[in-house]
Amino acid sequence: MTDESKKHGPDDVVDISLAAEAAADAAVEADTPSEPDPFDVLRAENADLRDKYLRLAAEMDNLRRRTERDVKDAKSYSVAGFARDMLAVSDNLRRALDAIPADALANDDSVKTLAEGVEMTERSMLAALERHGVRKLEPIGEKFDPNFHQAMFEVPNAEVPNNTVVQVVQDGYVIGERVLRPAMVGVAKGGPKAPAVDAGTAQA
């Protein structure tokens, strides 16, 4: 047996094989992906469920607010059609009162009593409408607003600012925040320009 054979015996060959096998196992373990931490998975699921819950809660809150607004609007404006018809009746009562001659009111007690009854009926009707949110517009002296007024004619008047309402032909009404019927008005023409309204003052 040579000196080289003595240096590399059978035991040395076995040790080399074991080392190679261990290195191969380590390489396989390195290539194999590690399993995710279960706590990280739970945290991710919890965050996802929380996000879904918050979104659902926001949607339900918006739905509740829309429902409350719709119910409020239904209560406020459900009588709009009926109120508009009653205004036509009130207009006819007012025309009947205006048609009575002044001398008949002054000299005929029966005509005077009839006129008082018609006037009381008109006031009672308007009071009932007001209890249901119908409010009469008072545009005299106000600047013309196309959202609430309908201009019928112009009145030359240099004593008031231009475009000021100076006469009402037919009363206007609102129900809640909505126009039930615009006021038919006459507006001033030829006066000084109305002063500009400051934006902050208008919002206040």
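The values are calculated or read from the model by the stated rules, or taken from the named source; none is laboratory data. What you see is a predicted model; the values in this text were computed from it and never measured. Every residue, glycine among them, receives a Cβ derived from its backbone with ideal geometry; neighbour counts consider all protein chains shown. The accessibility values were calculated without ligands, DNA or RNA, using every heavy atom of the protein model including side chains. Shrake-Rupley method; radii C 1.70, N 1.55, O 1.52, S 1.80 Å.
Details
- For the stretch 86-149, with +1 on Lys and Arg beta carbons and -1 on Asp and Glu, the positive-most of Leu105, Asn147, Ser124 along the dipole: Asn147
- Residues Lys143 and Asn92, FRET efficiency given R0 of 41 Å [Cβ-Cβ distance, rounded to 0.05]: 0.85
- Cβ-Cβ distance of Asp85 and Gln167, R₀ of 30 Å, FRET efficiency by 1/(1 + (r/R0)^6): the value works out to about 0.70.
- FRET efficiency for Leu63 and Arg131, using Cβ-Cβ distance with R0 set to 35 Å, rounded to 0.05: 0.65
- Global geometry of the stretch 97-181, whether rounded, prolate or oblate, following the gyration tensor of its Cα atoms and the 1.5 cut on a/c: oblate
- Accessible surface comparison of Lys112, Lys75, probe 1.4 Å, protein chains only, largest first: the order is Lys75, Lys112.
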